Amino acid sequence: MDSLTQIVLGAACGEAVLGKKIGNKALLFGAIGGTIPDLDVLVGSWLYGNEIDAMLFHRGFMHSILFSILAAIILGWLTYKLYNSGKRRNSTTLKDWISLFFWSLFTHPILDCFTPYGTQLFAPFSNYRVALNNIAVADPAYTFPFLVCMIALMFFKRTSLKRRFLLKTGIGISSVYMLFTFGNKLYIDSVFRKSLKESYISATRFSTQPAIFNNILWYGIAETESSYYVSDYSLMDTKNSFLDFKKVPKQRDLKPSDYKDIKDLAWFSNQYYSVYKLGENEFEYNDLRYPLLDLDNPNTSVFSLRLYEDGNRLNMKPFKPKFESLGDIINTLWIRIKGI
């Protein structure tokens, strides 16, 4: 999920493990641990000269269970050696610090698994991308109550019962909301299946996910032998159905057999993608797992990449969103969320 949410969750893990012993410093160290897996964005840019390789490195090994274990041991040992000195000597144990970093590191990829992006939880033993698609990468309804509780508990003494109550409240509210999104996902999938049947679309598979910032408006894509069909549905719609499916061609102006980079991007997109030739040496890759800004235009995917030939490979230009401002997208979302 987004960085703020991961910081809040990491801070909560730090508080749960070491809050009684070191107070607000536990929140800080937990927040640091919760941030570390997303540093793979920087590490990828250092390791690779090709932008596609750097992008695919994100949510790879540094989001795996193995990395959480190894990093927790290393960071726990280093922090213990640095912290356990002077007046703080013997106030904490090595086990405390390893536990703090393990839970703050491990909960990060677990939370990411609920989003549509995909997380290689079992790397390097498997490149399978876990994506449960029940919550958006940023959802204020999950983050905000949790954040308020974490901020509030900072104003109480480390031994205060109110501090523990606020920690449990924050974790409890966010967990209940997560359970709601799972139930909502099951309901949306049933609506999408029914809608496909009513529209006489024989799909080989389909995928649904919530739009950004909410769990009310959902986007669905179904695959047939020759094309994709996309639509959206709000819980506020008057009809209990995904309506007005739009047909999206399986455009393949670049093929996986021609470029391994396309094969890798197709793996990244779970095979929901299209590639359009734009010019002499420019192509647009659309990750169709994500909503189209204009359902009538198959080339308006929110997650769209500009590719170009770079030697015997493909490379990627810096990602540029297709909407002018955050305010524009929020306004568009709000109008659609209210239903039709």
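Kindly indicate which of Tyr228, Tyr233, Tyr200 is hydroxyl-bearing (Ser, Thr, Tyr) and open to solvent by 30 Å² or more (accessible area, probe 1.4 Å).
Tyr200
With under 30 Å from Ile335 (Cα atoms) and of a type in the set (Phe, Trp, Tyr) as the only criterion, which of Tyr228, Tyr259 stands out?
Among Tyr228, Tyr259, only Tyr228 is under 30 Å from Ile335 (Cα atoms) and of a type in the set (Phe, Trp, Tyr).
Of all residues in the range 280-315, count the ones that are of a type in the set (A, V, I, L, M), open to solvent by less than 10 Å² (accessible area, probe 1.4 Å) and not in a loop (DSSP other than H, G, I, E, B).
Adding up the residues that qualify gives 3.
Just one of the numbered conditions (1) over 27 Å from the mean Cα position of the chain (by Cα); (2) of a type in the set (S, T, N, Q); (3) surrounded by 13 or more Cβ atoms within 10 Å (Cβ to Cβ) is not true of Gln251; which one?
Of everything listed in (1) over 27 Å from the mean Cα position of the chain (by Cα); (2) of a type in the set (S, T, N, Q); (3) surrounded by 13 or more Cβ atoms within 10 Å (Cβ to Cβ), Gln251 misses just condition (1).
Table: residues versus (1) part of a loop (DSSP other than H, G, I, E, B); (2) small (Gly, Ala, Ser); (3) within 15 Å of Gln6 (Cβ to Cβ); (4) out of contact with any helix residue (DSSP H, G or I) (no Cβ under 7 Å at 6 or more places or on another chain).
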| site | (1), (2), (3), (4) |
| --- | --- |
| Leu70 | no, no, no, yes |
| Leu75 | no, no, no, no |
| Thr115 | yes, no, yes, yes |
| Asn134 | yes, no, no, no |
| Val137 | yes, no, yes, yes |
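Could you please let me know if Ser160 is over 20 Å from Phe268 (Cβ atoms) and at pLDDT 95 or above?
yes
What's the number of the only condition in (1) farther than 20 Å from Gly19 by Cβ; (2) more than 16 Å from the chain's Cα centre (by Cα); (3) not basic (Lys, Arg) that Leu121 fails to meet?
(2)
Given the condition among the aliphatic types (A, V, I, L, M), in contact (Cβ under 8 Å) with a residue 40 or more places away in the chain and out of contact with any helix residue (DSSP H, G or I) (no Cβ under 9 Å at 6 or more places or on another chain), answer yes or no: does some residue in the range 121-129 qualify?
Looking through the range 121-129, none of the residues is among the aliphatic types (A, V, I, L, M), in contact (Cβ under 8 Å) with a residue 40 or more places away in the chain and out of contact with any helix residue (DSSP H, G or I) (no Cβ under 9 Å at 6 or more places or on another chain).
Could you look through the range 205-225, keep only residues that are open to solvent by 50 Å² or more (accessible area, probe 1.4 Å) and of a type in the set (D, E, K, R), and pick out the one that is nearest to the chain's Cα centre (by Cα)?
Here the answer is Arg205.
Within the range 237-249, is even one residue in a strand (DSSP E or B) and of a type in the set (A, V, I, L, M, F, W, C)?
yes
Among the listed residues Ile171, Ile110, which satisfies the condition of being touching a residue at least 24 places away in the same chain (Cβ under 8 Å) and open to solvent by 20 Å² or more (accessible area, probe 1.4 Å)?
Ile171
With Ile74, Ile98, Ile69 as the choices, which residue is touching a Gly at 6+ places or on another chain (Cβ under 6 Å) and open to solvent by 30 Å² or more (accessible area, probe 1.4 Å)?
Ile98
The values are calculated or read from the model by the stated rules, or taken from the named source; none is laboratory data. No experiment lies behind these values; they were computed from the predicted model shown. So basically every Cβ, Gly included, is an ideal-geometry build from the backbone, and we count neighbours across all protein chains shown. What goes into the accessible areas is simple: the full protein's heavy atoms, side chains included, and nothing from ligands, DNA or RNA. Shrake-Rupley method; radii C 1.70, N 1.55, O 1.52, S 1.80 Å.
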